[in-house]
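> Before anything else, here's the structure in question.
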2 protein chains.
Amino acid sequence: MRLLLISNSTNAGEAYLDHPKKQIKNFLGEIPISALFVPYAGVSISFDDYELRVKERFNEISHDIISIHHFSDPVKAVESAKAIIVGGGNTFRLLKLIQDYKLIEPIRERVFSGTPYIGWSAGANVACPTISTTNDMPIVQPESFEAFNLIPFQINPHFLDANPEGHAGETREMRIEEYIELNRNTFVVGLREGTMFRVVKSKIELIGPRNARIFKYGQPPKELKPGDNFQFMIN
Amino acid sequence: MRLLLISNSTNAGEAYLDHPKKQIKNFLGEIPISALFVPYAGVSISFDDYELRVKERFNEISHDIISIHHFSDPVKAVESAKAIIVGGGNTFRLLKLIQDYKLIEPIRERVFSGTPYIGWSAGANVACPTISTTNDMPIVQPESFEAFNLIPFQINPHFLDANPEGHAGETREMRIEEYIELNRNTFVVGLREGTMFRVVKSKIELIGPRNARIFKYGQPPKELKPGDNFQFMIN
């Protein structure tokens, strides 16, 4: 299995997909690949425009993408994909369309057969057992919260520590604490912006300039840094 | 119909339920009432503790509450309720338990028969057609996103204008813009902290120190202040 699960496409003040570009290139390798792109999380952007945006970036690193919305049979497109790229946006919309097109099992099978999977933000969230640790607004209702289940733990992308000053809503940490209260056997990783997980076979590593924050019921949250051992989360 | 739909229980730096206390007293009136309290949104707090917390506040304004979790038959408890109070917490958990206990129709019927309804945060969200404009994490999966549908528009509680500095995730406004893109016939109100809607019969008014921000597909967002006419949203 080969996964690159990225917290966010874009750091504040940087160009689109700039921060993970080098890691995407390392992950896909030197031989040019035309990957299948899943744009379903896009809501305020058309699938054509979303494809173009991502394509430009991938071309800069000698790879290419084609969006799944051009195929009359999305399942067949998955079956012949050389790599699967799932972009960010609204996680509920993304999962709903993946379910509507019956792509959960086909994509899961491909990835377990070794097809590389790259996802950022919502695209990293759907690699988890469920989308229950998304930050997104539930603007549409998927059939179920169950997602690709490529890893046995939950990611909270765009993890951040504080609320804007003077705001009384729950912090992200409080939200995740509520999740583990009701889902006691599952690890949740707060994946801060600019960071990502790389999974190759059964080896997982954190990449980027920030720590990850690990939550599990009954344990105090734990800060782990790049280079630390994350194997306990997938074994 | 009598509704008091409050953005948030507590303003930053203030005591629990302090900001809406006076309005709750005005809304329930001078004659002491023992209201039915729905604590289901509570996750990190026990239902007993949640009840106590709210009870203390209501006692200060000469009213009382009893929590629905003490009744072996929650539907019967609803049928004899003098007022219904729905507290904040996690909206998904709240709606799931309301649905599990089959309370959607019983509460809806009571409220349409004139029983006063007070909800804050998640409790204001479930008064809407759906919970699709909540800010909460989907930590459990309700059967459906459909809620009490007491008003024909959506509330986004704890509405705030900005992200923490340096954070690249979607702003609240972007999230609501995505909602109206996919739900074009529905008004969404960004209800800022410290503010609330009071609905009596078919008259609706905004109360509090801040404007509300109104979103509708195809229209620029609109700022309305207390005293402005909100009737277009319910007629």
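Here, each number is a calculation from the coordinates, and none is a lab measurement. Since the model is a prediction, treat every value here as computed from it, not as a measurement. FYI the Cβ positions are ideal-geometry reconstructions off the backbone, even for glycines, and counts take in every protein chain you see.
> Other chains near B:129-138: what is the mean number of their Cβ atoms within 10 Å of each residue's Cβ? Please list the in-between numbers first.
Details: counts 0, 4, 3, 6, 3, 2, 6, 7, 15, 13.
Per-residue shielding by partner chains comes out at 6.
> Next up: Report the local net charge at A:Val199: Lys and Arg +1, Asp and Glu -1, summed over other residues whose C-beta lies under 12 Å from its C-beta.
Numbers: positive: A:Arg2, A:Arg198, A:Lys201, A:Lys203; negative: A:Glu205.
Computed value for this residue: +3.
> Oh, and also: In terms of the ratio Rg/(2.2 N^0.38 Å) built on C-alpha atoms, what value belongs to the protein assembly as shown?
1.02
> Give or take rounding to whole Å, what are the principal axis extents of the alpha carbon atoms in region A:36-167, in descending order?
50, 31, 25
> Roughly how many nanometres apart are two label points built 7 Å out from the Cα toward the Cβ at B:Gln23 and A:Glu79?
The two pseudo-label positions are separated by 5.8 nm.
> Oh, and also: Based on DSSP H runs of at least 4 residues, each adding -39500 (n - 2.57), what is the mean residue ellipticity at 222 nm of the protein assembly as shown after dividing by all its residues, to the nearest 500 deg cm²/dmol?
Result for the protein assembly as shown, helices only: -7500 deg cm²/dmol.
> Dividing the convex hull volume of the alpha carbon atoms of region B:127-235 by its residue count, what do you get in Å³ per residue?
Expressed per residue, the convex hull around the Cα atoms of region B:127-235 is 123 Å³.
> Can you tally the net charge around A:Ser7? Count Lys and Arg as +1, Asp and Glu as -1, for every other residue whose Cβ sits under 13 Å from the Cβ of A:Ser7. Don't jump to the answer; show the numbers that get you there.
Details: positive: A:Arg172, A:Arg192, A:Arg198, A:Arg210, A:Arg213; negative: A:Glu193.
Summing Lys and Arg as +1 and Asp and Glu as -1 gives +4.
> Still on this model: With a point put 7 Å past each Cα toward its Cβ, work out how far B:Glu56 is from B:Leu182 in nm, to one decimal.
Here the modelled spin labels are 4.1 nm apart.
> So which trypsin sites (Lys or Arg not before Pro) in region A:173-235 end up in coil per DSSP with only 13 or fewer other C-beta atoms within 10 Å?
Details: sites: A:Arg175, A:Arg184, A:Arg192, A:Arg198, A:Lys201, A:Lys203, A:Arg210, A:Arg213, A:Lys216, A:Lys222; in loops: A:Arg184, A:Lys201, A:Arg210, A:Lys216.
Sparse-neighbourhood loop trypsin sites (Lys or Arg not before Pro): A:Arg184, A:Lys201.
> Ignore the peptide's own chain and count Cβ atoms of other chains within 10 Å of each Cβ in A:171-183; give me the average, rounded.
So the per-residue partner count for this stretch is 4.
> Then there is this: With a cut-off of 8 Å between alpha carbons and a minimum separation of six or more residues, what is the relative contact order of region A:151-218 in percent?
In percent, rounded to a whole number, it is 35.
> Along the charge dipole of chain A, which of A:Thr195, A:Ala122, A:Gly13 sits closest to the positive end, that is, farthest toward it, with unit charges on the beta carbon of Lys, Arg, Asp and Glu (+1, +1, -1, -1)?
Towards the positive end, the residue furthest out is A:Thr195.
> Rounded to the nearest 20 Debye, what is the dipole magnitude of the protein assembly as shown about its Cα centre when Lys and Arg each give +1 and Asp and Glu each give -1 at the C-beta?
80 debye
> For region A:61-124, just the Cα set please: Rg and Dmax, both in angstrom.
When restricted to the Cα atoms of region A:61-124, Rg and Dmax are 11.4, 32 Å.
> Moving on. Place the peptides A:118-127, A:15-24 in order of packing, highest mean first, counting for every residue the other Cβ atoms within 10 Å and averaging per peptide. If you can, show how the numbers build up before the last one.
Numbers: A:118-127: 28.0, A:15-24: 17.0.
Averaged packing, sorted descending, gives the order A:118-127, A:15-24.
> Just to confirm the filter: which GluC sites (Glu not before Pro) across region A:1-51 are DSSP coil and have at most 15 other Cβ within 10 angstrom of their Cβ? Intermediate values should be presented prior to the final figure.
On the way: sites: A:Glu14, A:Glu30, A:Glu51; in loops: A:Glu14, A:Glu30.
Passing both the DSSP loop test and the Cβ count: A:Glu14, A:Glu30.
> Hey, another quick one. In Å, what Rg and Dmax follow from the Cα atoms of region A:92-171?
Looking at region A:92-171, its Cα Rg and Dmax stand at 14.3, 49 Å.
> If you wrap a convex hull around the alpha carbons of chain A, what volume per residue comes out, as a whole number of Å³?
Measuring per residue, one finds 129 Å³ for the Cα hull of chain A.
> Then there's this: Considering every residue in A:187-194, what mean count of other chain Cβ atoms within 10 Å of its Cβ is obtained?
Mean partner shielding for this stretch: 1.
> Okay, moving on. With just the Cα atoms of region B:1-77, tell me how far they stretch along each of the three principal axes, in Å, largest first.
Over region B:1-77, Cα extents along the principal axes are 34, 31, 22 Å.
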